[in-house]
Amino acid sequence: MSRKADVVIIGAGVIGAATAYELARKGYKTLNIDKLPAAGYGPTSASCAIVRAHYSSWDGVAMAYEGFFYWKDWADYLGVEDESGLAKYMNCGTLLLESQTGHHEKVLKHYRDVGVEYEEWSPEQLKERMPIFDTHAFYPPKRPDDPHFWDQSEDELMGAIYTPGSGYVNDPQLASHNLQRAAEARGGEFLYRRKVTAINQADGKVTGVTLDDGSEIEAGIVVNVAGPHSFVINRMAGVEDGMKIKTKALRHEVHHVPSPPGFDYEKDGHHVSDGDNAIYFRPETGNHILIGSEDPDCDPQVWVENPDDFNRQVTREQWEAQVYRCARRIPSLPIPEEMKGVVDLYDCSDDWIPIYDRSDLGGFYMAVGTSGNQFKNGPVVGHCMAELIDAVEKGHDHDSDPVKVTARYTGVELDMGFYSRLREINENSSFSVNG
Ligand SMILES: Cc1cc2nc3c(=O)[nH]c(=O)nc-3n(C[C@H](O)[C@H](O)[C@H](O)COP(=O)(O)OP(=O)(O)OC[C@H]3O[C@@H](n4cnc5c(N)ncnc54)[C@H](O)[C@@H]3O)c2cc1C
């Protein structure tokens, strides 16, 4: 006998689990299916889980700012106990270094419009507050094998923008588990170690999914939240040709190094977005620093055709690129011989802005293309997807009259048309992890 649900959600990462919780709050009977053994075990578990608001667009800033409040209010938002404990919001603040990328100029206008709290630091204030930093400008980013990589620069950074409300979540996998428990308390179910192999449909409408053991689940609504496998699922459903913006998987390395001697980066450091140097870094447990890349043009981009088959080992070349760049900003940074880090995939959209939308197949929705920058928005996206799905299922024509969602904490209006699969490429995007 086949199993039934109102909604099948493919994936139980942070957004899949949040979508389940929000739909369950509305009374839908949800079933998340994930091929891995537990919630958040895929790319979500490799996430740096940085919570910051500096996106290129008003919409990006408004959604991320809304996210701050979910993480600060985590226990109350969930409204359940989790036997594994709750993920913690580490409110370390963010420094966005002002650079020749010009990203800070776009961001500042949106901070003022949305009401994000910020301080502008002069180069002198930056030096005073972060004495371990070299505040010279190194732009444009280079590879360590460039003969000019270590050249001393005469130029100074223009300053920095500090947002006290931002930070990171200490355990992104646990945050997903917390959302699972919250969804279950509202009747949601989760099925692990099962892979979706077909999207079943009849008369232009989805009817459910088939799993790798041959069983079928009947559901009138199916949501693709499959992360870097999003394009695989969209092709399975036959909806990719109906999308102007598409998704593909990009390999990404993150590295861990100890703090400089005499400075407790875990306690006293900030999350730093260093566009001048094409890296971002943040405090990490064990008085470590975690370093990610902003994927500058000089670095090779590794697009992955098969998301089940890619190199999960940290490579010497990329370790040196990211860690040495960080050592330029923090000259006393120890550089261990042993490389430590994680490697996973971003689910990138063509313009590095997500697709939160319906599809041309009735009842088939997607929350995809999260482009390495949507962990922070997980719960906000869950709320938006639930509102969008509910409205469309009740007959709303989202393609011609995009659903607007009133944000739960900040009260701003989030226009879901911004995330449409039918949009033109957003040329205002940073075309990077900054969105
Ligand atoms: C290295 C790295 C660093 C990042 N850092 C940040 C950051 O600092 N801040 C930030 O905001 N964001 C960051 N991100 C992005 C963020 O982690 C993602 O946007 C977010 O985790 C996406 O969650 P998700 O629920 O959509 O998907 P995922 O976590 O990708 O989960 C998708 C799930 O779908 C399952 N699945 C796929 N296909 C099938 C199938 N056929 N059948 C069953 N299950 C299937 C997978 O097993 C997986 O568990 C980072 C991402 C990476 C990779």
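The values are calculated or read from the model by the stated rules, or taken from the named source; none is laboratory data. In this text, all values refer to a predicted model and were calculated from it rather than measured experimentally. Quick reminder, even Gly has a Cβ in these numbers, built from the backbone with ideal geometry, and neighbours come from all protein chains shown.
Overview of results
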quantity	calculated
Residues that are of a type in the set (A, V, I, L, M), more than 6 Å from the ligand (Cβ to nearest atom) and in a helix (DSSP H, G or I), drawn from region 23-69	23, 24, 61, 62, 63, 64
Criterion: touching a Ser or Thr at 6+ places or on another chain (Cβ under 6 Å), modelled with pLDDT of 95 or more, under 24 Å from residue 175 (Cα atoms) and of a type in the set (A, V, I, L, M) - qualifying residue of 353, 389	353
First in region 300-317 and surrounded by 10 or more Cβ atoms within 10 Å (Cβ to Cβ), second anywhere and not hydrophobic (A, V, I, L, M, F, W, C), Cβ under 6 Å, 6 or more apart	302/251; 303/248; 304/251; 307/228; 307/229; 310/251; 314/253; 314/341
Qualifying position, being more than 16 Å from the ligand (Cβ to nearest atom) and out of contact with any Gly (no Cβ under 6 Å at 6 or more places or on another chain), among 141, 164	141
Test for residue 135: is it within 16 Å of the ligand (Cβ to nearest atom) and over 30 Å from residue 85 (Cβ atoms)	no
Residues that are of a type in the set (Gly, Ala, Ser) and part of a loop (DSSP other than H, G, I, E, B), drawn from region 70-99	79, 84, 85, 87, 93, 99
Verdict on residue 12 being modelled with pLDDT of 95 or more, out of contact with any Pro (no Cβ under 9 Å at 6 or more places or on another chain) and within 15 Å of the ligand (Cβ to nearest atom)	yes
Answer residue from region 332-359, given it is within 27 Å of residue 389 (Cα to Cα) and among the small types (Gly, Ala, Ser) and is nearest to the ligand (Cβ to nearest atom) among those	349
Residue within region 331-343 that is in contact with a strand residue (DSSP E or B) (Cβ under 7 Å, 6 or more places away or on another chain), within 30 Å of residue 21 (Cα to Cα) and either modelled with pLDDT of 95 or more or among the basic types (Lys, Arg) (or both) present	yes
Number of the exception - residue 435 against (1) at pLDDT below 95; (2) crowded, with 23+ Cβ neighbours inside 10 Å; (3) under 30 Å from residue 204 (Cα atoms)	(3)
Which numbered condition residue 101 misses (of (1) within 30 Å of residue 228 (Cβ to Cβ); (2) touching a strand residue (DSSP E or B) at 6+ places or on another chain (Cβ under 9 Å); (3) surrounded by 17 or more Cβ atoms within 10 Å (Cβ to Cβ); (4) touching a residue at least 60 places away in the same chain (Cβ under 8 Å))	(2)
Selection from region 260-299 of residues that are buried (at least 23 other Cβ atoms within 10 Å of the Cβ), of a type in the set (Val, Ile, Thr) and over 20 Å from residue 128 (Cβ atoms)	279, 289, 291
Condition check for residue 121: touching a residue at least 60 places away in the same chain (Cβ under 8 Å) and not small (Gly, Ala, Ser)	no
Residue match in region 356-366 (condition: surrounded by 19 or more Cβ atoms within 10 Å (Cβ to Cβ) and under 27 Å from residue 103 (Cβ atoms))	yes
Extreme residue, nearest to the ligand (Cβ to nearest atom), among residues of region 174-205 that are crowded, with 23+ Cβ neighbours inside 10 Å and more than 26 Å from residue 71 (Cα to Cα)	196
Matching residues in region 360-419 - criterion: being within 16 Å of the ligand (Cβ to nearest atom), among the aromatic types (Phe, Trp, Tyr) and farther than 24 Å from residue 238 by Cα	375
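Let's see how each residue does on (1) of a type in the set (Phe, Trp, Tyr); (2) closer than 23 Å to residue 185 by Cα; (3) touching a residue at least 24 places away in the same chain (Cβ under 8 Å):
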position: 18; (1), (2), (3): no, yes, yes
position: 76; (1), (2), (3): no, yes, no
position: 90; (1), (2), (3): no, no, yes
position: 93; (1), (2), (3): no, no, yes
position: 109; (1), (2), (3): no, no, no
position: 115; (1), (2), (3): no, no, yes
